[in-house]
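Working notes, beginning with the structure itself.
The values are calculated or read from the model by the stated rules, or taken from the named source; none is laboratory data. Given the structure is predicted, the values throughout are model-derived calculations rather than measurements. Methodologically, a virtual Cβ is constructed for each residue, glycine included, from the backbone with ideal geometry; neighbour enumeration extends over all protein chains shown.
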Amino acid sequence: MATTISPAPPSTTSRVLNARLASRIMSADEAASLINFGTRIGMSGFTGAGYPKAVPLALARRISDANLRGEKAQVSIFTGASTGPELDGALARAGGIQLRLPYQSDPETRKRINAGEMEYMDIHLGHVAQYVENGFLGKMDWALIEVTAILEDGLLVPSSSVGNNRTWIEQAEKVIVEVNARQPAELEGMHDIYYGMQPLPNRQPIPLTHSGQRIGTPYLRVPLEKVAGVVLTDSPDRNSPFKAPDVSSRLIAGHILEFLTAEVKSGRIPSSLLPLQSGVGNIANAVLFGLLEARFEDLTAYTEVIQDGMIELLRSGKLTYASATAFSLSPEMMEKVNAEMGYYRERIVLRPQEISNHPEIIRRLGVIGMNGMIEADIYGNVNSTHVMGSRIQNGIGGSGDFARNGYLAIFMAPSTAQKDAITTIVPMVSHVDHTEHDVDVVVTEQGLADLRGLSPRQRARLIIERCAHPDFRSLLLDYQERAERLSFGKHTPHLLHESLSWHERYVRTGRMRPAAD
């Protein structure tokens, strides 16, 4: 079924208050016709929030028509993170994306990447702005940015995400602005756009020392001469329904909360914990909801996305401030937030992702990072991006920014997948995103392994004992014992000819257990 965009109501025009830019209002088709094929486009959007919705659809139609005529019609798309069906989905179906980065979650986009029909560059979210600003990815031709409003002086009120919008606007030759009337006008004042990043080698420290601190301006700046068109829309974000935590998620959350309680008792972290970062997903939300029942108070968050659980923590008063770069809420929660935007505007700060994911700030604040994974091996290496080593799922996102630089790096997943046919604790991960040096804690519903201060062989025993599913524990112990006897070196024992055969076995038979089991 084709995605359509609702026509913008007349009231949308009142959100374009700058006369010079109001004279450049045009249709989505007119705006799309300005974009040449073969160009690089920086688009707004992060976790299905704040992405342009009308012009990408029009561009996809134009690309489809050109491809039917036998032309090679493609563009390269850079965003903050994942977007929605009107952008990634439509352009992917049209065969219109040559290169995509840095993160995606669209099924059609994923299919095209894994079929070798679309180039994809997986990159830490905190690196994107620097890559573009230093020309590593070539010249940015266009910026296509969704905003809430354009003020009289031409300043832009960002919408439900910030992502890389500041960088796209500064680096692009031309800018197209979508003004979305569906975004609440009360968002104005929630954002904090920092313009103090000097170019190398004269860069100064970023003056941010608390999650709720503001160091910039609520608005995006754009040179008016850069704006080639303004398009009026009235369309919702891709707000995915929230799934209530299942048994496995609740058990994982319980292990993490028990661990954090022990850390407080030991004196390693304060009773208010340290700023929390939470990846997107059911398990991450379960941890946040679990904090509602925990005894921790005066919590703060320094993260990438505001999820349902974080909103509930803010509503309860347990969470005092939350810093992020985007919302990622269910439709029901988004409706509640929109109705009380004034309340949340005082407690939420939305920043550019080069700030939300900046290693300097993450290290300074001592962020506790909690992220999902696809699998971990017995030595603590984590694969968070690839299924069976070669098929991309979504991308590394910001997990690496927080794992490498945070105070604690926690990775979590159920101990099995594919209806218990696969163990997520394996001898050797099929793809490494986070090395053992950046992983502090591994958690499954079976238990939690605190890897700090342990040698590789000690980590292996603990992960197998605490995190592996009982159905696979004896197989993993057998592998570890044989590896310690037979491997070339004894520091990180591996039987290289066998360690990845677990994944090969699943590809051949659909299960990781040997056939005799």
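Key figures for this structure:
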{"item": "Members of region 403-413 found to be surrounded by 23 or more Cβ atoms within 10 Å (Cβ to Cβ) and outside any strand (DSSP E or B), listed by number", "result": "Ala403, Gly406, Ala413"}
{"item": "Count - residues of region 207-228 that are in contact with a helix residue (DSSP H, G or I) (Cβ under 6 Å, 6 or more places away or on another chain) and closer than 25 Å to Leu299 by Cα", "result": "1"}
{"item": "Output for region 414-445, where each listed residue is hydrophobic (A, V, I, L, M, F, W, C) and either part of a loop (DSSP other than H, G, I, E, B) or outside the structural domain of Ile378 (by TED's automatic domain parsing) (or both)", "result": "Ala421, Met428, Val429, Val432, Val439"}
{"item": "Qualifying residue in region 375-392 (condition: under 28 Å from Pro158 (Cα atoms) and either at pLDDT 95 or above or in a strand (DSSP E or B) (or both))", "result": "no"}
{"item": "Positions within region 469-478 being free of Cβ contacts under 8 Å to residues at least 60 places away in the same chain and surrounded by 12 or more Cβ atoms within 10 Å (Cβ to Cβ), in sequence order", "result": "His469, Asp471, Phe472, Arg473, Ser474, Leu475, Leu477"}
{"item": "Pair list, Cβ < 8 Å and 6+ apart or interchain, from region 185-200 residues that are among the small types (Gly, Ala, Ser) to residues that are loosely packed, with under 12 Cβ neighbours inside 10 Å", "result": "Gly196/Gln204; Gly196/Pro207"}
{"item": "Top-ranked residue of region 102-123 - restricted to ones that are within 20 Å of Ala403 (Cβ to Cβ) and surrounded by fewer than 22 Cβ atoms within 10 Å (Cβ to Cβ), ranked as nearest to the chain's Cα centre (by Cα)", "result": "Ser105"}
{"item": "Odd one out for Asp377 among (1) farther than 29 Å from Thr217 by Cβ; (2) within 19 Å of the chain's Cα centre (by Cα); (3) surrounded by 21 or more Cβ atoms within 10 Å (Cβ to Cβ)", "result": "(2)"}
{"item": "Among the candidates Gly453, Gly510, residue that is loosely packed, with under 13 Cβ neighbours inside 10 Å and either modelled with pLDDT of 95 or more or on the phi < 0 side of the Ramachandran plot (or both)", "result": "Gly453"}
{"item": "Residues (on the phi > 0 side of the Ramachandran plot and either touching a strand residue (DSSP E or B) at 6+ places or on another chain (Cβ under 7 Å) or without any contact (Cβ under 8 Å) to a residue 12 or more places away in the chain (or both)) located in region 419-440", "result": "Lys419"}
{"item": "Condition met for Thr79 (out of contact with any helix residue (DSSP H, G or I) (no Cβ under 7 Å at 6 or more places or on another chain) and either of a type in the set (Asp, Glu) or modelled with pLDDT of 95 or more (or both))", "result": "yes"}
{"item": "Any hit, region 423-441, residues being β-branched (Val, Ile, Thr), surrounded by 19 or more Cβ atoms within 10 Å (Cβ to Cβ) and at pLDDT below 95", "result": "no"}
{"item": "Qualifying residues in region 30-51 (those that are within 30 Å of the chain's Cα centre (by Cα) and not in a loop (DSSP other than H, G, I, E, B)) - the one nearest to Gln353 (Cα to Cα)", "result": "Phe46"}
{"item": "Cβ-Cβ under 9 Å pairs, at least 6 apart or on other chains, region 337-358 side in contact (Cβ under 8 Å) with a residue 40 or more places away in the chain and polar (S, T, N, Q), far side in a helix (DSSP H, G or I) and surrounded by fewer than 20 Cβ atoms within 10 Å (Cβ to Cβ)", "result": "Asn338/Glu186; Asn357/His127"}
{"item": "Candidate set from region 383-399 (those that are crowded, with 24+ Cβ neighbours inside 10 Å and out of contact with any Asp or Glu (no Cβ under 6 Å at 6 or more places or on another chain)); member that is farthest from Pro427 (Cα to Cα)", "result": "Gly397"}
{"item": "Residue list for region 182-213, restricted to those being buried (at least 16 other Cβ atoms within 10 Å of the Cβ) and in a loop (DSSP other than H, G, I, E, B)", "result": "Arg182, Gln183, Pro184, Glu188, Met190, Asp192, Tyr194, Met197, Ile206, Leu208, Ser211, Gly212"}
